[in-house]
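Chemist: My structure is below; once you've seen it, I'll send some questions.
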Amino acid sequence: MQLTVWTYEGPPHVGAMRIATALEDVHYVLHAPQGDTYADLLFTMIERRAKRPPVTYTTFQARDLGGDTADLFKAAARDAFARFQPKAMLVGASCTAELIQDDPGGLAKALALPIPVVALELPSYQKKENWGASETFYRLVRALAGPHAPAPGTKRPAREPGSRARCNLLGATALGFRHRDDVAEIVKLLDSIGIDVDIVAPLGATAADIARLGEADICVPLYPEIAGQAAAWLAKTFDQKLVRTVPIGVGATREFVAEIAEAAGLDASAILADMPTRAPWYSKSVDSNYLTGKRVFVFGDATHAIAAARIAARELGFTVVGLGTYSREFAREVREAAKLYGIEALITDDYLEVEAKVAELQPELVLGTQMERHIAKRQGVPCAVISAPVHVQDFPARYSPQMGFEGANVLFDTWVHPLMMGLEEHLLTMFRGDFEFHDGAGSSHLGAGKSHAPASVAAEKPDAAQDAPIVVAAPAAAAAPVAPVWAPDAEKELKKIPFFVRGKARRNTERFSVERGVAVITVETLYDAKAHFGR
Amino acid sequence: MAMLDLQKPEASCASPPEILRERGQREVFCGLTGIIWLHRKIQDAFFLVVGSRTCAHLIQSAAGVMIFAEPRFATAIIDERDLAGLADANAELDRVVNRLLERRPDIKLLFLVGSCPSEVIKLDLSRAAQRLSRSFEPRVRVLNYSGSGIETTFTQGEDACLAALVPSLPAAPATAPRELLVVGALADVVEDQFKRIFERLGIGPVRFMPPRSALDLPQVGPGTRYLLAQPFLGDTARALDDRGAKWLPAAFPLGAEGTTAWLRAAADAWGVDPEHFGAVTAAHRARAETALARYRAKLEGKSVFFFPDSQLEVPLARFLTREMGMRAVEVGTPYLHRQHLAADLAMLPADQAYSEGQHVDNQLDRCRAARPDITVCGLGLANPLEAEGLTTKWSIELLFTPIQGYEQAGDLAELFARPLERRARLAA
């Protein structure tokens with residue numbers, strides 16, 4: 001049993017719902033008790049979809065458990081087919097139905113419906129939402145496209161001369177973080193370099209589209225968490241070229257363009273020479289100087305977190321101090337990425353661990369999910385949202401992709417806006433005693449009433465530290481280093497440092513003191529540490 | 001799957017209504033959802049759901065939970081190892097509870113809340129609660145109830161929670177004077193208003209359940225007279241009856257008329273002089289009438305269709321038809337408690353259409369055919385119906401807003417007037 005206050009991902013059948021809802025004419029019959037219909041509101045309220053998800057829940061009750069839950073399932077599947085006339089059906093069980101082992105796949109087969117029926121086995125007590133989405137998409141693709149597979153080892157015939165290469169964009173779902181806009185942006189980008197997008201799936205695709213996924217020349221899993229498995233199978237089975245780069249950020253988009261152009265046998269040098277994006281120039285322009293070395297903490301699904309860290313470090317000149325993901329399936333990739341920044345990845349689905357890490361690292365900017373936004377707010381750190389789980393705010397009315405060149409512009413804006421402007425920062429540093437500019441007031445652009453972190457408020461109280469016994473530094477003791485004590489005048493001097501860098505100054509000074517066995521931090525220690533670490 | 005039957009109920013009260021009973025897909029929350037308001041109401045209680053990731057996801061999605069730093073509820077998510085052996089599941093539960101109570105020394109009352117998976121694997125939470133109570137009392141009392149979707153619908157979760165609390169209520173001494181108990185979670189402000197009115201009527205002592213603190217449990221005994229503040233408390237009422245308490249039948253305190261009827265039930269039991277009752281309530285009634293008049297102009301003659309949700313549908317229909325001059329096309333409710341709703345049912349037209357249970361697709365067909373002016377429905381249906389051109393009112397808002405009593409009568413009417421007003425503004 002795992003004590004969970006809040007969870008980044010839903011159960012795997014919600015992942016299956018994201019696939020079914022993204023598709024146009026596929027219905028999902030879910031063996032589930034009353035209450036599981038809550039998942040409908042994710043789509044109708046958070047994403048503001050105008051249609052109910054195409055999901056029928058069997059709604060079994062305690063009194064059904066003795067006997068006829070299997071009949072209930074069959075009746076629900078038969079009625080759903082009659083009413084909605086889908087072109088394919090997904091059948092499966094939610095967590096409770098998994099326990100009663102009615103075998104929805106077998107029951108649906110017995111109905112002999114005149115459409116393909118795909119049975120889903122989604123182990124609710126082991127797996128989570130993204131896995132469920134990936135597995136569902138993979139099973140559906142195999143079931144519908146599989147019958148069109150050529151004999152193993154068959155080479156794809158050469159394209160007709162003069163025809164444009166065709167590719168499929170895979171992985172965009174309902175309830176995806178900016179998937180709708182990403183797809184539009186990448187379709188536009190590919191068109192500009194002479195590649196046609198044949199099918200986008202599952203978002204907006206029909207069962208017939210899924211069946212002919214093998215026809216395109218190139219396969220692009222835009223969201224590897226969801227489409228990686230299906231794309232690998234398609235590439236192998238239909239001898240399609242697989243493009244693995246996820247085009248988030250200017251650098252990655254350039255690589256994506258180069259990779260897909262090569263796969264299509266095209267020359268992309270023209271578009272690469274004249275990128276339609278402002279982000280690199282904005283980042284180079286002098287007013288962005290103040291962004292240099294800002295310490296950022298990154299957390300999200302693996303794809304967005306890895307991409308965000310790369311953009312932060314290479315395209316904005318930030319320093320990545322933390323990188324993590326809740327996608328355990330992609331822990332290896334995130335650990336590899338973290339090594340690039342000389343840090344250790346945080347792999348967890350417990351937000352309290354993430355919160356503790358943010359408190360420990362004292363970053364100047366958090367790039368995370370909606371949960372990190374709340375964590376950052378509590379700690380008084382600016383934040384921008386880069387990844388699912390989604391919130392109603394992640395479906396903006398405006399066009400706001402994360403991918404491609406326009407996506408890079410969007411990222412520049414959304415990450416830089418929460419930060420304090422360079423001049424404001426200087427003025428605060430110079431006139432720190434200003435009665436309107438102080439910790440409690442917060443910065444003007446973040447709105448009024450921004451409360452300061454309880455953690456640092458507690459840390460601001462010198463009493464506790466003074467009550468603690470003063471321990472003489474014992475460098476020989478290999479155990480946990482003893483926290484040094486702040487002398488009152490040093491504590492006072494620390495408070496003169498602007499609040500938005502004070503946490504960092506405190507941390508650096510304490511680290512400096514521990515490393516040198518200094519037991520009592522004085523004003524001198526504070527400035528020694530400042531000289532040692534630089535700004 | 002539609003198993004329809006038009007059933008004539010046994011002849012009991014004045015106008016026994018005809019009820020369409022349906023079986024099929026329900027578009028209603030399970031009882032776990034009650035935790036969203038209960039954990040705010042009882043401020044030193046913690047609700048630990050023993051369930052699956054679905055349960056955790058349900059509560060956080062229904063509540064939009066991310067706003068809380070650390071809410072007073074959590075889920076002990078059952079995993080594969082727990083399914084392999086129940087003995088281990090119990091040991092695991094003890095470990096989780098120990099960790100939780102270490103972290104939260106402020107908790108005085110812990111509810112272990114059963115879910116669909118815990119019911120199906122027959123994890124005995126009442127024994128677990130006893131076992132854990134023995135280790136943590138007197139610091140923490142541990143109780144249990146089921147909020148599972150296979151047994152409870154939405155507000156029935158509150159019923160199950162309060163019913164579980166009843167055996168813990170201290171016994172009133174045999175000689176104790178009679179006491180009024182108001183049962184069902186109300187907004188604090190509404191409780192305070194009722195408290196003042198009862199005081200002026202000379203009715204008392206008055207206690208409320210659930211209490212705001214677990215240390216402040218009301219006593220109960222043969223002297224207890226109770227008013228139900230909510231229409232979904234069948235099990236709680238039965239548990240109170242078993243302790244010797246007596247129910248004061250009344251319409252529910254929605255709207256001016258309902259509030260007067262509800263207060264009068266207590267006044268009659270206390271033998272309050274009708275003139276005094278009239279004098280005490282007159283100003284409140286007048287104020288409510290003034291507030292209601294503004295919205296009656298907007299709602300009069302409009303039709304309303306209720307999808308089943310909170311069991312508040314019958315009293316709401318009574319308020320909207322009688323005080324707002326609306327017409328209820330269909331009053332759908334998850335469960336219709338004949339006895340508790342008798343007074344409200346009696347005030348509705350004899351030919352009023354009701355439905356109990358749900359077959360959501362059939363009901364949507366009926367709703368589309370009727371094209372009501374307002375459809376009261378859950379969050380999963382509201383936007384799709386709006387997109388079809390129907391005006392909707394989210395039913396969950398009726399639970400998360402103070403709507404009971406005289407001072408809230410206008411607010412209640414406004415909740416129904418707002419969607420119409422909005423549609424009119426956007427069309428202009």
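The values are calculated or read from the model by the stated rules, or taken from the named source; none is laboratory data. Just so it is clear, the structure is predicted and the values come from calculations on it, not from any experiment. Note that we place each Cβ from the backbone using ideal geometry, even for glycine, and neighbour counts take in every protein chain shown. The accessibility values were calculated without ligands, DNA or RNA, using every heavy atom of the protein model including side chains. Shrake-Rupley method; radii C 1.70, N 1.55, O 1.52, S 1.80 Å.
Chemist: Report ³J(HN,Hα) in whole Hz for each residue of segment A:114-123, in order, from the Karplus equation J = 6.51 cos²θ - 1.76 cosθ + 1.60 where θ = phi - 60°; Gly and Pro get x.
Modeler: x, 9, x, 10, 10, 7, 10, 10, 10, x
Chemist: Here is a further query. If we count every other residue with Cβ under 10 angstrom of B:Cys116's Cβ, Lys/Arg +1 and Asp/Glu -1, where does the sum land?
Modeler: Local charge sum for B:Cys116: -3.
Chemist: When the gyration tensor of the protein assembly as shown is built from Cα positions, what are the square roots of 5 times its three eigenvalues, in whole Å, from largest to smallest?
Modeler: 50, 40, 27
Chemist: Let me ask you something else. So for A:Asp287, B:Asp216, what's the accessible-area order with a 1.4 Å probe, most first?
Modeler: Listed by decreasing accessible area, they come as A:Asp287, B:Asp216.
Chemist: For B:Ala76, which sequence-distant residues (separation of 5 or more, or a different chain) have an amide H within less than 5 Å of its own amide H, given hydrogens modelled in the peptide plane?
Modeler: Here the answer is A:Thr4, B:Val49, B:Val50, B:Gly51, since their amide H atoms fall under 5 Å of that of B:Ala76.
Chemist: Please compute the contact order of chain B in relative form: average sequence separation of alpha-carbon pairs under 8 Å and at least six residues apart, divided by the residue count, as a percent.
Modeler: In percent, rounded to a whole number, it is 17.
Chemist: Taking the Cβ of B:Leu364 as the center, what net charge do the other residues with Cβ under 13 Å away carry, scoring Lys and Arg +1 and Asp and Glu -1?
Modeler: With Lys, Arg at +1 and Asp, Glu at -1, the net is 0.
Chemist: A follow-up question, please. Give A:Lys357/A:Lys504; B:Lys41/B:Lys302; B:Lys195/B:Lys298; A:Lys294/A:Lys339; B:Lys41/B:Lys108 a once-over and call out the pairs whose C-alpha atoms are over 23 Å from each other.
Modeler: Beyond 23 Å: B:Lys41/B:Lys302; B:Lys195/B:Lys298.
Chemist: What share of Cα pairs, in percent, lie more than 16 angstrom apart in segment A:111-200?
Modeler: 71
Chemist: Counting alpha carbon pairs within less than 8 Å and at least 6 residues apart, what relative contact order, in whole percent, applies to segment B:276-427?
Modeler: RCO, segment B:276-427: 27 percent.
Chemist: Follow-up question, since we're still on this one. What angle, in degrees between 0 and 90 and rounded to the nearest 10, separates the Cα long axis of helix A:179-192 from the longest principal axis of the Cα atoms of chain A?
Modeler: Here the helix axis deviates by roughly 80 degrees.
Chemist: Another question about this same structure. Helix by helix, which DSSP H runs in chain B go 24 Å or more along their axis at the Cα atoms and have an average Kyte-Doolittle hydropathy of -1.0 or more?
Modeler: Membrane-span-like by this rule: B:86-103, B:274-299, B:409-427.
Chemist: Determine the distance separating the Cα centre of segment A:213-283 from the Cα centre of segment B:18-61; give it in Å without decimals.
Modeler: 44
Chemist: Another question about this same structure. Could you compute the net charge surrounding B:Arg139? Neighbours are other residues with a C-beta less than 15 Å from the C-beta of B:Arg139; K and R count +1, D and E count -1.
Modeler: Net charge around B:Arg139: +1.
Chemist: Taking the alpha-carbon centroid of each part, what is the distance from segment B:138-171 to segment A:342-357 in angstrom?
Modeler: 36
Chemist: Can you list residues from other chains, or at least 5 along the same chain, whose modelled amide H is less than 5 Å from the amide H of A:Cys383?
Modeler: HN-HN under 5 Å from A:Cys383: A:Val366.
Chemist: Nearest 5 percent is fine: what portion of the DSSP beta bridges confined to the protein assembly as shown is antiparallel?
Modeler: Bridges in the protein assembly as shown that DSSP calls antiparallel: roughly 10 percent.
Chemist: Also, quick follow-up: Over every pair of different alpha-carbon atoms in segment B:168-252, take the mean of 1/r and invert it; report that Kirkwood radius in Å.
Modeler: 13.1
Chemist: What percentages, rounded to whole numbers, describe P(r) for segment B:31-152 computed over all alpha carbon pairs with 10 Å bin width beginning at zero?
Modeler: That works out to 13, 49, 34, 4, in percent per bin.
Chemist: Just subtract the alpha-carbon distance of A:Ala232 and A:Arg511 from 0.36 nm times their residue separation and send over the number in nm, one decimal.
Modeler: Answer, rounded to one decimal: 95.7 nm.
Chemist: Kirkwood hydrodynamic radius, segment B:276-427, all distinct C-alpha pairs: what's the number in Å?
Modeler: Evaluated on segment B:276-427, it is 16.0 Å.
Chemist: Placing +1 on the Cβ of each Lys and Arg and -1 on the Cβ of each Asp and Glu in segment B:85-157, which of B:Leu101, B:Leu143, B:Cys116 has its Cα farthest towards the positive end of the resulting dipole?
Modeler: My answer, from the dipole projection, is B:Leu101.
Chemist: Let me ask something else about it. Treat each spin label as a single point 7 Å out from the Cα along the C-beta direction, and report the A:Ala82 to B:Gln130 distance in nm.
Modeler: The answer from the label model is 4.9 nm.
Chemist: Run lengths n ≥ 4 of DSSP H only: what is the helix-derived mean residue ellipticity at 222 nm for chain B, with -39500 (n - 2.57) per run over all residues, to the nearest 500?
Modeler: Counting only the DSSP helices, I get -13500 deg cm²/dmol.
Chemist: Leaving out ligands, DNA and RNA but keeping every protein chain, what accessible area does B:Thr401 have, in Å² rounded to the nearest 10, with a 1.4 Å probe?
Modeler: Looks like 40 Å² after rounding.
Chemist: Next question. A:His148 accessible area, nearest 10 Å², 1.4 Å probe?
Modeler: Taking all protein chains as shown, A:His148 has close to 110 Å².
Chemist: Now, a different point. Report ³J(HN,Hα) in whole Hz for each residue of segment A:80-85, in order, from the Karplus equation J = 6.51 cos²θ - 1.76 cosθ + 1.60 where θ = phi - 60°; Gly and Pro get x.
Modeler: Karplus values, whole Hz, x for Gly and Pro: 5, 5, 5, 7, 9, 6.
Chemist: At 7 Å along the Cα-to-beta-carbon direction for both A:Lys496 and B:Leu86, put a label point, then send me their distance in nm to one decimal.
Modeler: Going by the 7 Å Cα→Cβ label model, 6.9 nm.
Chemist: Whenever you get a sec, line up A:Val29, A:Val392 from highest to lowest accessible area (probe 1.4 Å, protein heavy atoms).
Modeler: Order by accessible area, largest first: A:Val392, A:Val29.
Chemist: Measure up A:Lys377/B:Lys122; A:Lys87/A:Lys188; B:Lys122/B:Lys246; A:Lys128/A:Lys188; A:Lys51/A:Lys155 against 31 Å on the Cα-Cα distance and list the ones that go over.
Modeler: A:Lys377/B:Lys122; B:Lys122/B:Lys246; A:Lys128/A:Lys188; A:Lys51/A:Lys155
Chemist: Additional query: Could you rank A:Val514, B:Val96 by how accessible they are, 1.4 Å probe, largest area first?
Modeler: A:Val514, B:Val96
Chemist: Before rounding to the nearest 500, sum -39500 (n - 2.57) across all DSSP H runs of length at least 4 in chain A and divide by the residue total; then give [θ] at 222 nm in deg cm²/dmol.
Modeler: -13000 deg cm²/dmol
Chemist: On the full set of protein chains, 1.4 Å probe, figure out the accessible area of B:Thr175 and give it in Å² to the nearest 10.
Modeler: Accessible area, nearest 10 Å²: 130 Å².
Chemist: Give the long-range amide H neighbours of A:Val200: residues separated by 5 or more places, or on another chain, with amide H under 5 Å away, using H modelled in the peptide plane at 1.01 Å from N.
Modeler: Close amide H contacts, sequence-distant or interchain: A:Leu169.
Chemist: By how many degrees, 0 to 90 and rounded to 10, does the Cα axis of helix A:351-361 deviate from the longest principal axis of chain A?
Modeler: 30
Chemist: In whole angstrom, how far apart do the alpha carbon centroids of segment B:334-381 and segment A:112-143 sit?
Modeler: Each part reduced to its Cα centre gives a spacing of 36 Å.
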